[in-house]
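These notes concern the structure reproduced below.
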Amino acid sequence: MTRQAILILDFGSQYTQLIARRVRENKVFSKLIPYNTPAKELASLSPRGLILSGSPLSVVSKKGFYPDKAIFKLGVPILGICYGMQVIAEMLGGRVKHTKEREYGKTELFIDNNRDLFSNLPGNLTCWASHGDYVTKLPPGFQNLAHTPNAPIAAFGNKKLKIFGVQFHPEVTHTDKGTQILGNFLFKICGCLGRWTMQSFIRESIETIKKTVEKDKVVLGLSGGVDSSVAALLIHKAIGRRLRCVFIDNGLLRKDEPEQIKKVFRNTFHLNLGYVDRSKRFLKRLKGITDPEEKRKLIGDEFVKVFEEEAAKLKGVKFLGQGTLYPDVIESISPGGAPSSRIKSHHNVGGLPAHMKLKLIEPLRDLFKDEVRQIARELALPDTVIYRQPFPGPGLAIRIIGEVTPARLNLLREVDRRVIDEIRNANLYEQVWQSFAVLLPIKSVGVMGDERTYENVAALRCVTSFDGMTADWAKLPYEVLEKISHRIINEVKGVNRVVYDISSKPPATIEWE
Ligand code: XMP
């Protein structure tokens, strides 16, 4: 049994996902769970331990969130972090007070008991704290384990009950030895074995898919991005050619993209891949359309229609495979109150048409993006797929401002190819979040040889970002900008000017439409 789970009760802290990451870095599987999940339900998941997260709320205000008090009777080890520690104190007979002396940022932690949670650690270390409430009285049976200059009780524990709390955040990288402190909880207190690795994930996932699908068939829309590619490979390993992948060419892809996808997935991985060229149909529908949202909607609707038509052609398909990731399914807590779904700005074209009545197979539902990339490496996917920059579902249509025509698509493809080539040549492709060109609906005057020209303007967009929600324009070296501009203007007939977009998001967005 490699899947010994640690459940993280989410009280809405901005760091809750980080706790899950750090636990997994210790090779123990972890999952976020709403803070108010009944203890019985938690017990039915057979967790090896519970972690109570931080929260923007306060137990002192009486508006705090509380977990089911029966969690303390489950006999499962518990670690409370920040607000989680204060919840333990309040619910088990200690006391929490609000003071004006907020502890925010780096602070010195002095360890007063170097067993269990703090074993094999130095006597003092730097930790990262973010709180204005302090535990001022230990719950009966608890021992003080550490202090900081401001917090006399910075960590506590009851060894017999296996319940511990830390006022600081071991999950943030600014805390020295944070991963090790969490590791002590996992291994010394919860008795986890630390055997959850990507190889074990792949093995378990293939077994689960086999059992779920049995003799039936699965259809999957392959986009060539890392998520749908890894999902496809895992399902393929489980059921072979009973997985039918459908790759829809909407005519809005980059240069040579369909050929590359066919090459990788048909020739190298031998997937049962249907290549469906519907570019004419998409372009016909896009004729005369200039409004960005109209373009998006039309392309999205058309995609679903084509996908449904293709799925209907396949006999005996009962499942739809998808590359959904963990951040998309996490139920998070909004500081104001009720649990709410995290809203994503990335609106994926090709989402599940609800009326298709197919059951879902989502092998990556429990994984973060970098874990998916690790699996991709294990499965020997090429780097061009693993580290492919995000590409929007509506493709080049939202990078051609104004009407999308075959001629303008071809022009943009040639420009875009040169941008990508030069960004790769400068070893910047994986350092930036996205780098691409936008074709503007204006013409500018130029001079080539002795001739006056009146041609298109291309904008270069290159941003750095962590998750696409915010972004900064990339400070590309002048020589790289110069090379890109020179190649485009000299090699692509029809463009005589290149400009560089220096707007950040917000207030601009990454794409121009
Ligand atoms: P914006 O332009 O909103 O983009 O800053 C944020 C990220 O989302 C991508 N994007 C899309 N992805 N369908 C998609 O699948 C879309 O309609 C869409 N619009 C933007 C964009 O490329 C960036 O990575």
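The values are calculated or read from the model by the stated rules, or taken from the named source; none is laboratory data. Since the model is a prediction, treat every value here as computed from it, not as a measurement. So basically every Cβ, Gly included, is an ideal-geometry build from the backbone, and we count neighbours across all protein chains shown. Areas reflect the complete protein model, heavy atoms only, side chains present, ligands, DNA and RNA absent. Shrake-Rupley method; radii C 1.70, N 1.55, O 1.52, S 1.80 Å.
Structural remarks
- Some residue of region 130-153 being surrounded by 23 or more Cβ atoms within 10 Å (Cβ to Cβ) and under 16 Å from ILE19 (Cα atoms): no
- Residue pairs whose Cβ atoms lie under 8 Å apart, separated by 6 or more positions or on different chains, with the first residue in region 170-193 and within 15 Å of ILE51 (Cα to Cα) and the second hydroxyl-bearing (Ser, Thr, Tyr) and open to solvent by less than 10 Å² (accessible area, probe 1.4 Å), are ILE181/THR175.
- Within region 9-51, restricting attention to residues that are basic (Lys, Arg) and within 22 Å of the chain's Cα centre (by Cα), the residue that is most open to solvent (accessible area, probe 1.4 Å) is LYS27.
- Against the numbered list (1) acidic (Asp, Glu); (2) at pLDDT 95 or above; (3) in contact with a helix residue (DSSP H, G or I) (Cβ under 8 Å, 6 or more places away or on another chain), ASP133 comes up short only at (2).
- Qualifying residue in region 266-274 (condition: buried (at least 23 other Cβ atoms within 10 Å of the Cβ), without any contact (Cβ under 8 Å) to a residue 60 or more places away in the chain and not basic (Lys, Arg)): yes
- Verdict on PHE187 being buried (at least 22 other Cβ atoms within 10 Å of the Cβ) and either within 22 Å of ILE78 (Cβ to Cβ) or modelled with pLDDT under 95 (or both): no
- Taken over region 146-188, residues that are in a loop (DSSP other than H, G, I, E, B), charged (D, E, K, R) and more than 27 Å from the chain's Cα centre (by Cα) amount to 3.
- Residue in region 463-474 that is away from the ligand (no atom under 16 Å from the Cβ) and either closer than 30 Å to TYR326 by Cβ or not in a strand (DSSP E or B) (or both) present: no
- Residues satisfying the stated conditions in region 494-513, i.e. more than 14 Å from ARG399 (Cα to Cα), surrounded by fewer than 18 Cβ atoms within 10 Å (Cβ to Cβ) and more than 10 Å from the ligand (Cβ to nearest atom): GLY494, VAL499, TYR500, ILE502, SER503, SER504, PRO507
- Condition check for SER345: modelled with pLDDT under 60, closer than 30 Å to PHE65 by Cβ and touching a Ser or Thr at 6+ places or on another chain (Cβ under 8 Å): no
- The helices (runs of 4 or more DSSP H) found wholly in region 366-434 and carrying at least 3 residues that are without any contact (Cβ under 8 Å) to a residue 24 or more places away in the chain and surrounded by fewer than 20 Cβ atoms within 10 Å (Cβ to Cβ) occupy 406-425.
- Number of positions in region 364-396 that are of a type in the set (Lys, Arg) and within 16 Å of the ligand (Cβ to nearest atom): 2
- Residue-level analysis places VAL447 among those that are exposed (fewer than 14 other Cβ atoms within 10 Å of the Cβ) and β-branched (Val, Ile, Thr).
- Meets criteria (out of contact with any Leu (no Cβ under 6 Å at 6 or more places or on another chain), at pLDDT 95 or above and under 30 Å from ALA238 (Cβ atoms)) for ARG365: no
- Scan of region 275-312 for residues that are under 14 Å from THR405 (Cα atoms), in contact (Cβ under 8 Å) with a residue 12 or more places away in the chain, charged (D, E, K, R) and assigned to a helix (DSSP H, G or I), ordered by number: LYS280, ARG281, ARG285, LYS295
- Just one of the listed residues (ASP256, ASP227) is open to solvent by 30 Å² or more (accessible area, probe 1.4 Å), of a type in the set (D, E, K, R) and within 24 Å of the chain's Cα centre (by Cα), and it is ASP227.
- Complete set of residues in region 211-249 that are over 25 Å from ASP277 (Cβ atoms) and touching a Pro at 6+ places or on another chain (Cβ under 8 Å): LEU234
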